[in-house]
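Q: Here it is, the structure in full.
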Amino acid sequence: MKKSLLRQTFSLLLCAALAFTLLPSAALAAETVGDFIVEGGVSGTDFTFTGGVLAFIQPGAYTVSMKEGFPADKSTSNRIVVDAPTSTELNPVGITLNGVRIDASALTPLRSAVDIAPNSCVSLTLAAGTSNAFKSGAGKAGIHVPAGASLAIGAEAPEQVCLRRGAARVSAATRAAAAAIPAAAAGRS
């Protein structure tokens, strides 16, 4: 009798444990910071937002979108900075851009819309079917990649990548067009 009760209790506990493993794990909640929504990571630990700057400070996988209700025909002056010296090519700061539009051209002092710090490794992925634009002040790259920093740009739909000089717009086109842009236009300094 005692063995039977023990077996039933053990079976019940085992079933409960298995049931919990079938439940979806709690995904990291999307957080609105400034004019952006960030999915992935923890605010204050993996990324911060201060003074109009969304700063990624730890390697990880993130998605950045414009906040809900942000006008589709407008750009924000909020900037993105990556300063993650612990990132590597095997463990980069991976950011999926989902329709991000930044115009930093009116900021003083002049700044790049996206700035990658030396010793940071970044992998940008363009979300399929979106257009991402980065406009910076005169003489500043839309995406600044200084010596010692690393940047890889890819796309969920690789055939839809185009970098254009000027407004540094990244949108649907062909990969061949992106390859034709000189390194200086892509933000290498």
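Q: Given the criterion polar (S, T, N, Q), touching a Gly at 6+ places or on another chain (Cβ under 7 Å) and part of a strand (DSSP E or B), identify the matching residue among S123, S105.
A: Exactly one of S123, S105 is polar (S, T, N, Q), touching a Gly at 6+ places or on another chain (Cβ under 7 Å) and part of a strand (DSSP E or B), namely S123.
Q: Take the residues in the stretch 56-81 that are among the charged types (D, E, K, R) and over 18 Å from A29 (Cα atoms); name whichever of them is surrounded by the fewest Cβ atoms within 10 Å (Cβ to Cβ).
A: Filtering the stretch 56-81 for residues that are among the charged types (D, E, K, R) and over 18 Å from A29 (Cα atoms), the one surrounded by the fewest Cβ atoms within 10 Å (Cβ to Cβ) comes out as D73.
Q: Enumerate the pairs (first residue in the stretch 38-52 and crowded, with 16+ Cβ neighbours inside 10 Å; second residue anywhere and of a type outside the set (D, E, K, R) and assigned to a loop (DSSP other than H, G, I, E, B)) with beta-carbon separation below 6 Å, excluding pairs fewer than 6 apart on the same chain, so at least 6 apart or on different chains.
A: E39/A30; G40/L28; D46/Q58; F47/G41; F49/G34
Q: Somewhere in the stretch 151-170, is a residue modelled with pLDDT of 90 or more, part of a loop (DSSP other than H, G, I, E, B) and of a type outside the set (A, V, I, L, M, F, W, C)?
A: no
Q: Mind checking which residues of the stretch 116-132 are buried (at least 16 other Cβ atoms within 10 Å of the Cβ), at pLDDT below 95 and either under 17 Å from S77 (Cα atoms) or over 12 Å from the mean Cα position of the chain (by Cα) (or both)?
A: T130, S131, N132
Q: Mind counting the residues in the stretch 133-145 that are over 15 Å from S77 (Cα atoms) and assigned to a strand (DSSP E or B)?
A: Adding up the residues that qualify gives 2.
Q: Also: In the stretch 102-112, is there at least one residue being among the β-branched types (V, I, T) and touching a helix residue (DSSP H, G or I) at 6+ places or on another chain (Cβ under 8 Å)? Explain how you work it out, then say what you get.
A: At the first step, the residues of the stretch 102-112 found to be among the β-branched types (V, I, T) are 102, 108.
Checking which are touching a helix residue (DSSP H, G or I) at 6+ places or on another chain (Cβ under 8 Å) leaves us with none.
No: the stretch 102-112 contains no residue that is among the β-branched types (V, I, T) and touching a helix residue (DSSP H, G or I) at 6+ places or on another chain (Cβ under 8 Å).
Q: Tally the residues that are surrounded by fewer than 23 Cβ atoms within 10 Å (Cβ to Cβ) and free of Cβ contacts under 8 Å to residues at least 60 places away in the same chain, restricting the search to the stretch 133-144.
A: 7
Q: Listed residues D35, D103; which is in contact (Cβ under 8 Å) with a residue 40 or more places away in the chain and within 20 Å of L126 (Cα to Cα)?
A: Every option except D35 fails the conditions.
Q: Can we say E68 is of a type in the set (D, E, K, R), over 15 Å from the mean Cα position of the chain (by Cα) and within 21 Å of G34 (Cα to Cα)? Before the answer, list the steps.
A: Values: of a type in the set (D, E, K, R): yes; over 15 Å from the mean Cα position of the chain (by Cα): yes; within 21 Å of G34 (Cα to Cα): yes.
For E68, the condition - of a type in the set (D, E, K, R), over 15 Å from the mean Cα position of the chain (by Cα) and within 21 Å of G34 (Cα to Cα) - is met.
The values are calculated or read from the model by the stated rules, or taken from the named source; none is laboratory data. This one's a predicted model, so the numbers in the text were calculated from it and none came from an experiment. Reconstructed Cβ throughout: ideal geometry from the backbone, glycine too, with neighbour counts over all protein chains shown.
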